Every structure is written in structure tokens, then in C-alpha cells.
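Input: a single structure, listed below in C-alpha cells.
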Amino acid sequence: MAPLASAALILGSLASLVAGHGYLKSITVNGEDYLAWQVGQDDYVTPTPVRYARKLADNGPVPDFTSNNITCGAGGNIPAEGVIDLKAGDTVSLNWDQWGSSHSGPVFTYLAHCTNDDCKTFKGDSGDVWVKIEQLAYNPAGTPPWASDLLREQGAKWQVTIPPTLAPGEYLLRHEILGLHVAGVRMGAQFYPSCTQIRVTEGGSTALPAGIALPGAYDPDDAGILAELWRINQGQVTYTAPGGDVWSEAAPNANRDGP
């Protein structure tokens, strides 16, 4: 292959990968839209606009999912100015700017209770504070089988129901896609997390149990992280997503039945 043709092919492949990236753009609750951090725009706005999800540096995956970047994305885990009021049992729409078809993998959502009900002073980067409230991974009988591809087909939107028995308070709602397209190489798995600040104003009386630590729980050698996508797609191996089980008090998945 001629050098110029080879270079063009490489650049085209890189462009395709970058185009497949995405970030949480907005959150919809009870018909109201709340903007997340606008990647590539908000860094240049003065004064900093009120946003409801924490800053992200770019639309790519976290550079190292064993670092503090995994908590709320690579943006410094800086508390947002806004907090979304909602009720336990409300359904939240998490709206991405885009999502590419090559980045197949599971979708998760976690909650962490902000210490002293104050998300402005809470980072969630230590302790077993993250409780999984929603997950879809791989269902060979599904159309499409992978959750992230379902997200794409839903217009890059994902529905999450706040657990109906959850006690009032301030929480971080951590939503994440795990792209497995290059996860056959150690540390190749691509995590795209975001943290939205919410305030549950009415609900039940159930506190979150102990959960997992992020960073800490995502082991680079976990079979759900060091995984060959093509082998799963061909039925050669089964897939179990990382991050533990969904909380027993969680609502049924609002997108489709599992797994």
C-alpha cells in the first residue's frame, strides 16, 4: 500500500473511533431539561454556566479506569452548581450527544448518598459508596443484544427510574457506558462515566446499603472488563458485567428486561 493511502486509512480509522465517542449532554425529569457540562463549549464561557452534571474534559473514555478519573469522569470531579429536584420513583432520561455503533457494551447507573446531604462537598472517590440501581449488558436474544447499542437505537437516550423506596436526600447519579470494542487488551476497556447531582425531595425511608468503591472495584483483569467482544458475540463465552449486583430495592429496568 502506498504511504499516502496507508496514512489516509489510519487517519480515517482514528476519525471513526473519535466519532464514536460521546458524553452526557442533558438530563430530563418530569418534562424539564437540565444541561450537563457541554464538552468543548463550557470551558470558554464566563461566568461558568449552571450545569447539573459534573465537568468532563472531553467526549472520550477515562484515561485510566483504576484512577480517580473513574469516579465521575476525567474533568476534575468538580461539583456542579445545579441540583435536580425529583421524587423517588421518578424516571430520569439521560441524554447523550451521540453514541457510535462500534462501542458495544453494557450500561450501568449507580447512586451515592452525598455526605451531610451536600453534593457540593462530596466527591465519592473513596469508600464503598456506589450502589448499582440499573444495569443492562448482553442478551443474545435481544434486538440489539448489547445495551449500548439499544441506547443508540433509542436516540442516544437512556431511562433510569429512581428507586421508589429511596430516602430523601442529595445523591450523585452516576451513569456509565462500558465500551468493549478494544477490551481484549488489558486496560483497553473504555468507561464513559458521568455524575449528575440530584435531590430526592419525597420518597421512602430506605437508605442506600454499602456498595462498591470507584476507584477500586473495576479490576483490569475482571472477566467483564478484560473481554473479547467478538467471542461474546459468537457465543463462545458468557458475559458478566463488572460492578456487582443491582440493588434489591431498585425499580425494574425502564429500557427493557435484562440481563
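Some points to look at:
- Total residues in segment 97-116, condition out of contact with any strand residue (DSSP E or B) (no Cβ under 6 Å at 6 or more places or on another chain) and not β-branched (Val, Ile, Thr): 6
- Qualifying positions in segment 153-195 - assigned to a strand (DSSP E or B), surrounded by fewer than 18 Cβ atoms within 10 Å (Cβ to Cβ) and basic (Lys, Arg): Lys157
- Selection count where residues are buried (at least 17 other Cβ atoms within 10 Å of the Cβ) and of a type outside the set (D, E, K, R), scope segment 115-141: 12
- The one condition in (1) among the hydrophobic types (A, V, I, L, M, F, W, C); (2) buried (at least 21 other Cβ atoms within 10 Å of the Cβ); (3) closer than 24 Å to Leu226 by Cα that Leu150 fails to fulfil: (2)
- Some residue of segment 108-120 being outside any loop (DSSP other than H, G, I, E, B), more than 24 Å from Leu178 (Cβ to Cβ) and among the polar types (S, T, N, Q): yes
- Some residue of segment 229-239 being over 25 Å from Leu56 (Cα atoms) and basic (Lys, Arg): yes
- All positions within segment 63-101 that are in contact with a Lys or Arg (Cβ under 7 Å, 6 or more places away or on another chain), of a type outside the set (A, V, I, L, M), closer than 19 Å to Asp33 by Cβ and surrounded by fewer than 21 Cβ atoms within 10 Å (Cβ to Cβ): Glu81, Gly82, Asp85, Ser93, Asn95, Asp97
Bear in mind these aren't lab numbers, they're just calculated from the coordinates by the rules spelled out. Predicted model, so just to flag it, every value in this text is computed and none were measured. So basically every Cβ, Gly included, is an ideal-geometry build from the backbone, and we count neighbours across all protein chains shown.
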